[in-house]
Amino acid sequence: MLQHLFIKDLAVVAFADIHFATGMTVITGETGAGKSILLDALGLAIGERGDSQMIRPGASSAEIAATFDVSSLSGAILWLTDLELTSDDGAHCIIRRILYANGRSKAFINGRPVTTSQLRLLGEYLVQIHGQHQHQLLLKSAEQLRLLDAFGQHEAKVSQVKTAFKEYDALMIKREQLLMTSKTDSARIDLLHYQIAELQNLHLGEHELAQLDKEHDNLAHARTFIESGEQALGLLENNDEGNVLLWLGQLEMVLKPLADKNKGLKNAHECIENAGIQLREASGELNDFVGQLEIDPARLHEVEQRLERIHEVARKHKVEASQLYAHFCQLQQQADLYANQAQFIAEIDQHILLAKQHYQQFAKQLTKARLTAAEELAQEVTACVQQLAMPGAVFTIDLHPYSDDELHAQGNETATFGISANPGHPPQPLNKVASGGELSRISLALQLITAKFVATPCLVFDEVDVGISGKIGALVGKALQRLSTDAQVLCVTHLPQVAACGENHLQVVKQRSDNHTVTEIHMLNQTERIEAIAQMLGGVDVTTQARANAKQLLKQKELVD
């Protein structure tokens, strides 16, 4: 649940520090006072878009901090744990969001920086906001199907259908690509065959270029290598007048008897001895190297011509010489693709058939579940709207199979919500028959019924009572009050009948001066509630009768409790 909301320099709110309790909290205030700022702040805390226009004039930044109790929300705790964002006690979650005048923003969860995308993901576990826009959203078939699936708790089945559809769709895209490839003009195919033939005539081995480069280097520098190698061998062992190995042998003979008598020279003698061993090994390697070298101008010319031909063909094909063999293999694969196109398409058609069967297996299960859920949801909404002063109204849900043979990501059918507002009249789709007030009540009924199937501890209703009368407002208030026994409910309202149903009452007041306007938010005590509700009943001049009516509304709420 939401425990605390801190607001600084957001729109017309300079500062607000609000503590929330369980149950139902109503938020009231005159039109234009800024009631929606509370919801804007909460929306920013859970990752909604913000911009510099939301910052209070004259301030350099706006800041929002929201504290939630997540001790009973296993999904939120798991999410926080996976990202190593849990608080010290593991039971609370503090979200902080800062907007800057230059358009940048920062976000933090339990003191650690996060992205707004991560805020949105976490917000799904913490808050549901039901606003006025959902009245119009309710007229869309996609939203009606979403509400039906939420009521029926079809998340797993919907996910299976979507996954099966993605697999099918990927195969269809691959098939289309194959068909496009098969339509490649004959000139492109002829060019491909010509390029392959040219590379086949080159007879290029996979590692030939590297081997030729190495051989060319040896042949081109053979004379220099031989001369230098023989010179080194002469210094080591072949110079009759004196060489390193000869001198080293003499040095070893001088030191050996001395080292035998004096241990202090033992290490020096071993160093000379080891040096001799290493130099004799070096001499052997030099002999092998010089022995394999050969001055062969004819072979050098042959290698140079071969390298020149390979580089010439590489330039023609517009690839690096080192990539020419891989290019040849790629061209052969393309040629094989063209040659076996019909076979590939037949194989992918078989995969598509299996993917369709896999999809229909899950889609039919979802359809069956939706039919059951549609009947149950229609009955519950019918009962609820009748309690909201629509006696005799009947709510219906019809499922319509798609008329085409295509597969669809959301399943085999669409949903249509209908209403018969009067007995004896056949139900019609909502967008054809529902008035503004009726649509508000139907939307509220759906929200009240489906909200309990989502494990969200805080439910926010933004003026869901728009377009309904005071009498019906009392029924709406009672419905929200019942819902608050299972979850925390925050409700922005303009109806005193709804306001009286709350256990807690926040009032938004706009204070004006010559230079600026500031909105203040206060938690009202019982006396202040009577005055606020009386003002909602009677206008600016609160009469004794209005106060008496306010007390009566609050008393009725207590009787219900």
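The values are calculated or read from the model by the stated rules, or taken from the named source; none is laboratory data. Note that this is a predicted model, so its numbers are computed, not measured. Because the Cβ atoms are built from the backbone with ideal geometry, glycine has one as well, and the counts that use them run over all protein chains shown.
Brief remarks on what is shown
- When every residue of segment 194-205 is checked against the conditions, at least one turns out to be acidic (Asp, Glu), at pLDDT 80 or above, in contact with a Lys or Arg (Cβ under 9 Å, 6 or more places away or on another chain) and surrounded by fewer than 16 Cβ atoms within 10 Å (Cβ to Cβ).
- Given (1) at pLDDT below 95; (2) in a helix (DSSP H, G or I), number of the condition Leu459 does not satisfy: (2)
- Remark: pairs (first residue in segment 257-275, touching a residue at least 24 places away in the same chain (Cβ under 8 Å); second residue of a type outside the set (Phe, Trp, Tyr) and surrounded by 12 or more Cβ atoms within 10 Å (Cβ to Cβ); Cβ separation under 8 Å; 6+ apart in sequence or on different chains) = Ile272/Leu248; Ile272/Leu251; Ile272/Glu252; Ile272/Leu255; Ala275/Leu248.
- Lone qualifier among Asn218, Asn243, Asn238 - being more than 14 Å from Ile310 (Cβ to Cβ), modelled with pLDDT under 75 and surrounded by 13 or more Cβ atoms within 10 Å (Cβ to Cβ): Asn238
- Residue within segment 501-522 that is assigned by TED's automatic domain parsing to the domain that holds Ile55, among the basic types (Lys, Arg) and closer than 30 Å to Cys458 by Cα present: yes
- Single match in Ala355, Ala374, Ala421 (criterion: within 20 Å of Gln153 (Cβ to Cβ), crowded, with 16+ Cβ neighbours inside 10 Å and out of contact with any Lys or Arg (no Cβ under 9 Å at 6 or more places or on another chain)): Ala374
- Of all residue pairs spaced 6 or more apart or on separate chains, those with beta-carbon atoms under 9 Å, a first member in segment 146-165 that is at positive phi and a second member that is at pLDDT below 95 are Gln153/Phe453.
- Check on Asp213, modelled with pLDDT under 75, within 60 Å of the chain's Cα centre (by Cα) and within 30 Å of Gln333 (Cβ to Cβ): no
- Residues of segment 50-90 satisfying the condition of being in contact with a Phe, Trp or Tyr (Cβ under 6 Å, 6 or more places away or on another chain) and in a loop (DSSP other than H, G, I, E, B): Leu73
- Of all residues in segment 471-487, those that are in contact (Cβ under 8 Å) with a residue 24 or more places away in the chain have Cβ atoms under 8 Å from Cβ atoms of residues that are of a type in the set (Lys, Arg), 6 or more apart or on another chain, in Ile472/Arg441; Val476/Arg441; Gly477/Lys557; Gln481/Lys557; Leu483/Lys452; Asp486/Lys452; Ala487/Lys452.
- Selection status of Thr382, in contact with a strand residue (DSSP E or B) (Cβ under 9 Å, 6 or more places away or on another chain) and assigned to a strand (DSSP E or B): no
- Any pair with Cβ under 7 angstrom, 6 or more apart, that starts in segment 356-385 at a residue that is touching a residue at least 60 places away in the same chain (Cβ under 8 Å) and ends at one that is among the polar types (S, T, N, Q): Phe362/Gln160; Ala363/Asn412
- Against the test of being buried (at least 19 other Cβ atoms within 10 Å of the Cβ), in the same structural domain as Leu119 (by TED's automatic domain parsing), more than 31 Å from the chain's Cα centre (by Cα) and within 23 Å of Leu459 (Cα to Cα), the options Gly47, Gly43, Gly29 yield a single qualifying residue, Gly29.
- Annotation note: of Gln410, Gln361, Gln333, Gln386, the sole residue that is surrounded by fewer than 12 Cβ atoms within 10 Å (Cβ to Cβ) and out of contact with any Asp or Glu (no Cβ under 7 Å at 6 or more places or on another chain) is Gln333.
- When segment 281-326 is filtered for residues that are assigned to a helix (DSSP H, G or I), surrounded by 13 or more Cβ atoms within 10 Å (Cβ to Cβ), touching a residue at least 40 places away in the same chain (Cβ under 8 Å) and of a type outside the set (A, V, I, L, M), the ones remaining, listed by number, are Ser283, Asn287, Phe289, Arg299, Glu304, Arg306, Tyr325.
- Verdict on Ala373 being over 27 Å from Met172 (Cα atoms) and either in contact with a strand residue (DSSP E or B) (Cβ under 7 Å, 6 or more places away or on another chain) or of a type in the set (Val, Ile, Thr) (or both): no
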